[in-house]
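J.: Take this structure first; my questions come after.
The values are calculated or read from the model by the stated rules, or taken from the named source; none is laboratory data. Nothing here was measured: the structure is a model prediction, and the numbers come from that model. Cβ atoms come from the backbone with ideal geometry, glycine included; neighbour counts cover every protein chain shown. SASA here: full protein model, heavy atoms, side chains in, ligands and nucleic acids out. Shrake-Rupley method; radii C 1.70, N 1.55, O 1.52, S 1.80 Å.
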Amino acid sequence: MALVEIRDVRKSYGGVVPVLNGVDLDVEEHQVVCLIGPSGCGKSTLLRCINGLETIDSGEIRLHGDRVSGPGVDVDALRRDVGIVFQSFNLFPHMSVVDNVTAAPIKVLGQGRGEAKERAMELLARIRLDHKATEFPDRLSGGQQQRVAIVRALAMDPIVLLLDEITSALDPELVSEVLDIVRDLRDEGMTMVLATHEMGFAREVSSKVCFLYGGVVHEEGPPEQIFSDPKDERTRAFLQRIIEAGRL
Amino acid sequence: MDEPAATAAPEPTPPPRIRAPRAIRKWTPAPPKSAKGVALGAIAAVVALIGLGLFSVSAVREGLASVGFEDASTDIALYGLVALLLALFVPALKGLSGASKADRLVAVDLAEARAETAAAREISRVAIGYAAAAAIVFLFGLFLVANEVAVGKTFFDLALIVETFHLVGSAFWVNVEIFMVAEALVLVWGLLIAVARLAPGKAGAPVRLIATAYVDLFRGLPAIIAIYLVGFGLPLTDLPILRDMTPTMFAILALTLTYGAYVSEVYRSGIESVHWSQTAAARSLGFSHMQTLRFVVVPQAVRRIIPPLLNDFISLQKDTALVSVIGTVDAFNQAKIIASNHFNLSSVTTVAVLFVLITIPQARLVDKLIERDQKRMRAGG
Ligand SMILES: Nc1ncnc2c1ncn2[C@@H]1O[C@H](COP(=O)(O)OP(=O)(O)O)[C@@H](O)[C@H]1O
Ligand SMILES: [Mg+2]
């Protein structure tokens, strides 16, 4: 039984073409799954469906075999255990860095203030931002903000972490400091699903790459196979464009 | 076009050009427009002002004499004021000399001439601006003393103002009490309504409906009618709690209901101005709808709503004067009583001044806060 099982998920925003049109995907424990595909193919939508930020029209999403989509699901409980990090960081601007990290553990998990803070400082030290703990987000660089956002999600001790193009809003020289954290998390065995345009990174870090196109997973496989020997015509064309743009 | 080969001379073809070079138009420097006109205007304005000043001072002295007030030191002060205005000749003349200097400079150094012209124009405009402001003051003085100081006596009878100040002043505390309590209640009540209007989902629909109906009703209802209905209507019902309420309490209730509707809209627009991605971030961490509002959205909204909130509070403070319609003896009601006893409105002037005085600092505070927020916005935070 996979950690996350996605079965025939369909989702439409009311347009003519549904955004997700029968997605099937398994994420095993400790796997790092990369979603690639052209802009607008539904990567973000799929991630948002997994932690209940969007509802799905039909199909099923299961977590360790338990259905977590559809009516009657406690989405707050689901989101406690499924973390997501956004492209645009979305730190809370009115809270200091450490308060950003401790807010949910305290208010949602009911942890004690001291305990939550201790854990937050531990996590911040790991990303070498403990000296910024009392700063406000607008005093941090984009890369630092994104690292804090990852730590904020980690503070909830998630079962699986979803990362939605977490480096797309960053200046090129700040990308690596964020990707380093993802590498560390993979080494620790964190299960992750990431939507990314960093093909080199996807190739290096992932256990499985899924090419999303036309609302379905068009091709999936180990990174070596997808990147060196794509079977599908569309995958090949997409990767060709990426290579031409100098991103691989 | 049919036979280009026939007309073309057998010259070697020039190398292909991607784009023909474009002719560059030359920049022609323009001389500055002379500032002489505005400088002469400034001198004329100051001369006219001095004339108006002398005329007004003699009119004021005549007016004061007609009410038996003649005093050498007042005369000195009045003429001193006019003499002070002679100082406006300094910028006016400076402007004129600057303007003619600039005109001479045009032939020598255009950049210098431009700078000189700009300076001359600026200083002439300063002189005109002050002259206009002083003229308005003089005209107001003339209005006060016209018809044997009729206006002055009706509105600004100093003796009466001093004599009745303690009455009006202590009645003003009733206004202060009403708006302080009403403001505190409005802060809470408005937030409740705003949250109700944002109640999520199907289950929230009836709550949203009721809240919307309430807001529509009280935003449309003139405050004076709300006060009248509440203040005269509710006591007639003879219901247990309502029976024992004082007119002041009814006034507070009516103003809270009216301004709660306005303020709920202020809250709501503030809440909706917080970007949805903040809600997404909070919800993704497991915060519930109410927790998201409480810990993430409302704290960010509050900064932005303080200026419009203060504006509504200023209106509320002014509207406390409306409670006189239900017989509450507030400052305005007290002043009206005094006014009808003395056939003179000076006590009402006292109330007017009191209201203006408490409003000014708040208005400045609002300006400051808006300025601060705009600075922050430009700084991109
Ligand atoms: N809230 C929304 N309302 C309507 N359409 C949306 C919304 N969110 C996304 N879409 C549409 O769904 C499609 C997929 O979007 P998205 O999942 O963000 O793609 P990706 O992340 O792969 O670039 C796009 O065509 C987008 O316009
Ligand atoms: Mg996206």
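J.: How many square angstrom of accessible surface are buried between B and A, both sides summed, with a 1.4 Å probe and rounding to 100?
T.: On the way: alone 23240 and 11420 Å², together 33050 Å².
Summing both sides, the interface buries roughly 1600 Å².
J.: Thinking of segment B:36-153 as a set of Cα atoms, what percent of all their pairs are more than 19 Å apart?
T.: Details: 3743 of 6903 pairs.
Cα-Cα pairs of segment B:36-153 separated by over 19 Å account for 54 percent.
J.: Checking buried surface per residue: for segment A:69-85, which residues lose a minimum of 10 Å² accessible area in the protein assembly relative to the chain alone (1.4 Å probe)?
T.: The answer is A:ASP76, A:ARG79, A:ILE84.
J.: Gaussian network model of chain B, Cα springs within a sub-10 Å range: biggest mean-square fluctuation belongs to which of B:PHE172, B:PHE69, B:PHE218?
T.: Comparing B:PHE172, B:PHE69, B:PHE218 in a Gaussian network model of chain B, the most mobile one is B:PHE69.
J.: Still on this structure: Which of these, A:ARG128, A:ARG203, A:ARG186, has the largest mean-square fluctuation under a Gaussian network model of chain A (Cα springs below 10 Å)?
T.: A:ARG128
J.: Could I ask something else about it? Expressed as a whole number of Å, what is the distance separating the alpha-carbon centroids of segment A:79-115 and segment B:207-225?
T.: After rounding, the separation between the Cα centres reads 38 Å.
J.: If you don't mind, another one. Where the accessible area of the protein assembly as shown is counted over protein heavy atoms with a 1.4 Å probe, how much of it, in %, is carbon and sulfur?
T.: Here carbon and sulfur together make up 62 percent of the probe-accessible area.
J.: List the lysines whose Cα sits under 23 Å from the Cα of B:LYS94, skipping any in the same chain fewer than 8 residues away.
T.: Within the straight-line limit of under 23 Å, B:LYS94 reaches these lysines: B:LYS33, B:LYS36.
J.: So, one more: Under Stokes-Einstein, with the Kirkwood radius over Cα pairs standing in for Rh, what whole-number D in µm²/s applies to segment B:266-333 at 4 °C and 1.567 mPa s?
T.: Estimated diffusion coefficient is 91 µm²/s.
J.: Got the relative contact order for segment B:36-153 handy, in percent, Cα pairs under 8 Å and 6 or more residues apart?
T.: 41 percent
J.: At 222 nm, what helix-only mean residue ellipticity would chain A give, in deg cm²/dmol to the nearest 500, using -39500 (n - 2.57) for each DSSP H run of four or more? Working shown, then result.
T.: On the way: 9 runs with 92 residues, N = 248.
Taken over chain A, the calculation gives -11000 deg cm²/dmol.
J.: Which positions within segment B:299-339 get 40 Å² or more of their accessible surface covered by the other protein chains, compared to the chain by itself, with a 1.4 angstrom probe?
T.: B:GLN300
J.: Percent antiparallel among DSSP beta bridges with both residues in chain A, to the nearest 5?
T.: 50 percent
J.: Considering every residue in A:52-60, what mean count of other chain Cβ atoms within 10 Å of its Cβ is obtained?
T.: 1
J.: So, one more: What number, in nm² with one decimal, is the all-direction average of the projected area of the convex hull of the alpha-carbon atoms of segment A:193-248?
T.: Values: hull surface 14.3 nm².
Directional mean of the projected Cα hull area for segment A:193-248 stands at 3.6 nm².
J.: Taking segment B:179-221, which trypsin sites (Lys or Arg not before Pro) meet the DSSP loop condition and have no more than 13 other C-beta atoms within 10 Å?
T.: B:LYS202
J.: Computed on alpha carbon atoms, what radius of gyration and Dmax characterise chain A, expressed in Å?
T.: When restricted to Cα atoms, chain A yields Rg and Dmax of 18.1, 55 Å.
J.: What ranking, highest mean first, results for peptides A:74-82, B:133-141 when packing means the other Cβ atoms within 10 Å averaged over each residue? Each step should come with its number before you reach the end.
T.: Numbers: A:74-82: 18.2, B:133-141: 14.9.
Final packing ranking: A:74-82, B:133-141.
J.: OK, next. Residues with beta-carbon under 13 Å from that of A:VAL209, excluding A:VAL209: net charge, scoring Lys, Arg +1 and Asp, Glu -1?
T.: Its environment carries a net charge of -3.
J.: Let me ask something else about it. So how much accessible area does A:ASP57 have, in Å² to the nearest 10, using a 1.4 Å probe?
T.: 90 Å²
J.: Which entries of B:LYS153/B:LYS368; A:LYS11/A:LYS231; A:LYS11/A:LYS208 have Cα-Cα distances beyond 29 Å here?
T.: Going by Cα-Cα distance, B:LYS153/B:LYS368 fall outside the 29 Å limit.
J.: Please report, in whole Å, how far the alpha carbons of segment B:160-378 spread along each principal axis, starting with the longest.
T.: Projected onto its principal axes, the Cα set of segment B:160-378 covers 69, 49, 24 Å.
J.: Please sort through the DSSP H helices of chain B and keep those with an alpha-carbon extent of at least 27 Å along the long axis and a Kyte-Doolittle average not below -0.5.
T.: B:36-66, B:110-155, B:158-197, B:247-273, B:298-319, B:346-379
J.: Largest first, how would B:THR154, B:THR350 line up by accessible area (1.4 Å probe)?
T.: So, going from the largest accessible area down, we get B:THR154, B:THR350.
J.: Can you tell me what percent of all Cα-Cα pairs in the protein assembly as shown are more than 40 Å apart? Please report the intermediate quantities before stating the final value.
T.: Working: 115956 of 197506 pairs.
That fraction is 59 percent.
J.: Note down the relative contact order for segment B:95-139 as a percent, whole number, built from C-alpha pairs under 8 angstrom at least six residues apart.
T.: With pairs under 8 Å counted, the relative contact order is 40 percent.
J.: Rolling a 1.4 Å sphere over the protein heavy atoms, what is the accessible area per residue of the protein assembly as shown, to the nearest Å²?
T.: Numbers: 33050 Å² over 629 residues.
Heavy-atom SASA per residue in the protein assembly as shown reads 53 Å².
J.: In terms of Cα to Cα distance under 25 Å, which lysines are near enough to A:LYS132, apart from those fewer than 8 places away along the same chain?
T.: Partners within reach: A:LYS107, A:LYS117, B:LYS375.
J.: Next up: Report the convex hull volume per residue for chain B, counting only C-alpha atoms, in Å³.
T.: 346 Å³
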